1. For the stretch 12-28, name all the residues that are buried (at least 17 other Cβ atoms within 10 Å of the Cβ) and either in a loop (DSSP other than H, G, I, E, B) or touching a helix residue (DSSP H, G or I) at 6+ places or on another chain (Cβ under 8 Å) (or both).
2. Condition test on residue 121, is it over 28 Å from residue 174 (Cα atoms), under 20 Å from the mean Cα position of the chain (by Cα), assigned to a loop (DSSP other than H, G, I, E, B) and at pLDDT 95 or above?
3. Report whether or not residue 140 is under 17 Å from residue 243 (Cα atoms) and touching a helix residue (DSSP H, G or I) at 6+ places or on another chain (Cβ under 7 Å).
4. Restrict the check to the stretch 119-127 and report whether at least one residue is polar (S, T, N, Q), touching a Lys or Arg at 6+ places or on another chain (Cβ under 6 Å) and over 25 Å from residue 217 (Cβ atoms).
5. Against the definition (under 21 Å from residue 252 (Cα atoms) and modelled with pLDDT of 95 or more), how does residue 132 come out, yes or no?
6. Of the residues in the stretch 343-371, how many are surrounded by fewer than 22 Cβ atoms within 10 Å (Cβ to Cβ), hydroxyl-bearing (Ser, Thr, Tyr) and touching a residue at least 40 places away in the same chain (Cβ under 8 Å)?
7. Anything in the stretch 85-123 that is surrounded by fewer than 21 Cβ atoms within 10 Å (Cβ to Cβ) and among the charged types (D, E, K, R)? List them, or say none.
8. So which residues in the stretch 380-408 are within 17 Å of residue 61 (Cβ to Cβ) and without any contact (Cβ under 8 Å) to a residue 12 or more places away in the chain, if there are any at all?
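The values are calculated or read from the model by the stated rules, or taken from the named source; none is laboratory data. The model shown is predicted, which means the values in this text are computed figures rather than measured ones. Note that we place each Cβ from the backbone using ideal geometry, even for glycine, and neighbour counts take in every protein chain shown.
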Amino acid sequence: MSILLKNPRIINPAEGIDATGSLRVTDDGVIETVAYGHNAIEARDSDRVIDLEGILLVPGLFDMHCHFREPGQEYKETLETGARAAIAGGFTGVAVMPNTNPVTDSPLGVAFIRNAAQNLPIDIEVIAAMTEGSKGEKLAPYGKLFACGVRAISDDGTAVQESQVMRLAFEYASNFDMLFIQHCEDKSLAKGGIMNEGHYAAMLGLKGIPDVAEPLTLQRDLLLMEYLQKHKLHAPLPEPRYHVAHISTRSSLDLVRQARQKGLNVTCEVTPHHFTLTEQDLFMAEDKGNYIMKPPLCSQDNHEALLEALEDGTIDVIATDHAPHARHEKECPPDQVAFGIIGLETAVGLTFTQLVHTSRISISRAIELLSTNPRKLMELPTILFEAGSKANMTFIDPDATWTYQKDDIASKATNTPFTGRTMKGKVTGTLHKGILTGYA
């Protein structure tokens, strides 16, 4: 039975589309017909008709920064439960980080994840480790990883501290045009830190992480890139593609802007929790464990800088850094808390509430940040709304008001500061791999 999606507002930044229209999708998930205007396609007797008046139909969302914990930490999350959370949040694809147990630093590790994920309702891309075991000492086998389809590398959770190792990584991975995703943090400054260093950390008696720890590492990497570009030591190879994970400070954003002016290929992402919360929220919270993450919730000044960078285009991607933990890893003294929160299911709600409905960004810009740009950076095929293309789409009610409840969480973990928060803008379903969700 074909599905006729009638009268949604169809938005696809990659095609320059923002118009009311209709789509007919075959039972095996292929777009048969697209037309614009109200009631543009006449229903057939065999069609299942779904009226999407007032709903946004957008390219399936893609989160390029997730932790699904499998293999080795399935008590926190599995590929299956992570996929369940992704669908609930409107994401038809994700990229999983390599800090599993064992670390995903070999073709065998990549093959395990791909095999385990092949029947899931979402696409899963694998980001491999930058160094063996993510120890920052010996480079992972980039050539073998590239040969099995890996297009991005990261030691997320810990930045490569040795400058010579980072230089070699740039030179080696440039052979394969791999994307570097760096968790920028000077470990010597951040060691033992719990939250942003400053007034609130002092008031709570918690060791702080100075916000200069992020730009120090970023500056080192950018200087290396500039050096390699200037001396053409990697010519005729592609210049390194460098992506700053979960950027959180004004200084880092300024460095990104300066690097782009010099012609360096640098992009960055921000998380919903960093553009929504500040260190003051942690100070005021009773369940402090769910407000502890890396990078830490920032100062008000850095928070405003993130919002400005979302407005002016400096930030390329919204990524959740979905980091599930077991209850005992969060409900404990602050200095023992595991860093990170889940984020897939609240990303759209927070983006629309904090950014779209406050007129910080447009709806089209939101979709660029949540779908178009991350797919482009991961070198994934562009989603097109045209006859013959596979249907890969997310449905969003931009004006729906809803409250995130603990009992509704689809993830295996529940470590989030947003339980009980009311948001405006809600995912109502997805259509991908021939599977329609949300409109049973």
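1. Taking the stretch 12-28 first, the residues buried (at least 17 other Cβ atoms within 10 Å of the Cβ) are 12-14, 17, 20-25.
Within the stretch 12-28, 12, 13, 14 meet the criteria.
2. Working: over 28 Å from residue 174 (Cα atoms): yes; under 20 Å from the mean Cα position of the chain (by Cα): yes; assigned to a loop (DSSP other than H, G, I, E, B): yes; at pLDDT 95 or above: yes.
When the stated conditions are applied, residue 121 passes them.
3. Values: under 17 Å from residue 243 (Cα atoms): no; touching a helix residue (DSSP H, G or I) at 6+ places or on another chain (Cβ under 7 Å): yes.
Against the criterion (under 17 Å from residue 243 (Cα atoms) and touching a helix residue (DSSP H, G or I) at 6+ places or on another chain (Cβ under 7 Å)), residue 140 does not qualify.
4. At the first step, the residues of the stretch 119-127 found to be polar (S, T, N, Q) are 119.
Still in the running and touching a Lys or Arg at 6+ places or on another chain (Cβ under 6 Å): none.
No; the residues of the stretch 119-127 include none that is polar (S, T, N, Q), touching a Lys or Arg at 6+ places or on another chain (Cβ under 6 Å) and over 25 Å from residue 217 (Cβ atoms).
5. Values: under 21 Å from residue 252 (Cα atoms): no; modelled with pLDDT of 95 or more: yes.
The answer is no for residue 132.
6. Residues meeting the conditions: 2.
7. 114, 123
8. Listed by number, the list holds a single entry, 381.
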